[in-house]
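Since the structure comes first, as C-alpha cells, the remarks are kept for the end.
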Amino acid sequence: MLEKELNRRNFMKQAAGLALVPSLPLIPGLAFAQTADVVVGTWGGDYQNLLHKFIAPIVEPMGVKPVYDTGNATARTTKLKAERNSRRGSMDVAMLGDLDMYDASTAGVLEPVSTSNVPNLANTIETFRTPYSIPHIFSAMVLVYNKDKLPTPPKSFKETLDPKYKGRVGFSDILYNFNTLFVGLAEGGKGDSFEPGYSFLRKLKENQPKVFPSNEAVAAAFKSEEIWIACMWKARALQWRDAGLPLEFIIPEEGAIPVTFEGAVPKNSRNKEAALKYMNALLEPAGQLHFAETMGYAPTVKNATLPDELQKRVGFTPEELARIHPYNLEALAKQRAASLDFWNKEFKAGL
C-alpha cells in the first residue's frame, strides 16, 4: 500500500488545524522571448475558469501560455494510457482526482515529481504527496439538500430510499466512481470496494434518481427544484449556497469520503519544462487562497494564509473529520473499469 494510503488518517488530524502561517511571495519567473503553450487537460466549467483566472496570470510572465483540453476524467485517463507509446503526447499537464490519477500512474505514463522539479511541493501537506503528482486542492463528498423542501435535515443517505424522494435524488455523471463509493458507505462500505455502492444503487434505482451530465447541471436541477437531495463535494455546495440556492449539507451518520484533485505531467509532454512551471504555480499560496475563497476547496499547502472564517468555512471540524473515510486507491483502481461498466450499463440504463 502506498504511503499516501497509510497516512491518510494522520492527514485528517493535520487538516483539522491546518497551519495558518504567513504567505510566501510568489516565485518570480524569467521572461522568455518565445511563449510556450502548455496544454492543460482538465474539466470544463468553474474549475477551468478559475485555472484561467488565477493560475494563468502566475505563469504567463514566465513565458508559459496555458491552453485547455476539456473533457471528463475517464476520457483524460484513457488518453494518457492510449498515448503512452507516442513520442509526443497531446497533453502537457493532466488534472485528475486522486483515484483516476493513481490509475494513470500504474500505466507508467507520468513524469516523477519532487522538490527538484516542483519546488513548491516542499510546502504541501506530507500525506498528500505522491511520486507522480502534485496535490492541488481537496474537499470531501457530503449530502447536499434543499432546506426549504427538507426543513428537517436528513441524517443518512439511506433516507433517499424513501418513496417520498422518488425522482428527487440527483447525481453528477462525471463523479460516478465517487458517487458509488459515497453511497456505499450507507451499505456498510469501507472504502476498499465498489460492491457496497452497487448494492445501494440497485435499491435506489427503484426510486428513479436523476443523473446529470455535469456538476453544474446538478446545480441547475437544484435551482429548478427538480431534485431535492444529492451527493456532491462540500466545496461545490458552498458555491451554490453563496449563489443564492437554499441549500445545506451534512456529513451523514455513515460518513463521507475525501478527495484530492491533482496535477501531473505526462512523460511525453511536448513542453515538459513549461509544464513543470505550471505545476509549481498550482501550489503558489496566492492561487490556493483564491480557490478557497471562490470555489470552497481547502489548500494543500501549509504556507497559504487563510482568514479564520474562511478556514472554518472550507475545512472540517474534528468530529466531521472522524467520519471521513480514507479509501484504498490501489484496491479501487483495479475495480474502476468494472465500476464504470456498472454505472453505465446497469444503474443509468433506463433512468
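The values are calculated or read from the model by the stated rules, or taken from the named source; none is laboratory data. Keep in mind that this is a model prediction, so the values were computed, not measured. With ideal geometry, Cβ positions are generated from the backbone for all residues, glycine too; neighbour counts draw on all protein chains shown. Keep in mind that these areas ignore ligands, DNA and RNA; they rest on the heavy atoms of the full protein, side chains included. Shrake-Rupley method; radii C 1.70, N 1.55, O 1.52, S 1.80 Å.
The set of residues in the range 193-210 being over 19 Å from residue 163 (Cα atoms) and assigned to a helix (DSSP H, G or I) consists of 195, 196, 197, 198.
Note on the range 306-326: residues that are within 16 Å of the chain's Cα centre (by Cα), open to solvent by 20 Å² or more (accessible area, probe 1.4 Å) and modelled with pLDDT of 90 or more amount to 0.
Annotation note: Cβ proximity below 7 Å between a residue of the range 197-209 that is under 12 Å from residue 342 (Cα atoms) and a residue that is small (Gly, Ala, Ser) (sequence gap 6+ or interchain) occurs for 197/184; 197/189. Considering the range 200-219, the residues that are surrounded by fewer than 17 Cβ atoms within 10 Å (Cβ to Cβ) and over 20 Å from the mean Cα position of the chain (by Cα) include one that is nearest to residue 140 (Cα to Cα), namely 210. Just wondering, is there one or more residues in the range 108-129 that are part of a helix (DSSP H, G or I), open to solvent by less than 10 Å² (accessible area, probe 1.4 Å) and more than 24 Å from residue 286 (Cβ to Cβ)? No, that holds for no residue.
Here is a yes/no grid of residues against (1) open to solvent by 40 Å² or more (accessible area, probe 1.4 Å); (2) part of a strand (DSSP E or B):
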site	(1), (2)
221	no, no
226	yes, no
238	no, no
241	yes, no
252	no, no
257	no, yes
270	yes, no
276	no, no
290	yes, no
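Taking residues in the range 132-145 that are within 17 Å of residue 96 (Cβ to Cβ), and partners anywhere that are acidic (Asp, Glu) and modelled with pLDDT of 95 or more, the pairs with Cβ atoms closer than 7 Å and at least 6 places apart or on different chains are 133/262; 134/262; 135/262; 136/262.
Scanning the range 129-150 for residues that are β-branched (Val, Ile, Thr) and touching a strand residue (DSSP E or B) at 6+ places or on another chain (Cβ under 7 Å) yields 134, 137, 142, 144.
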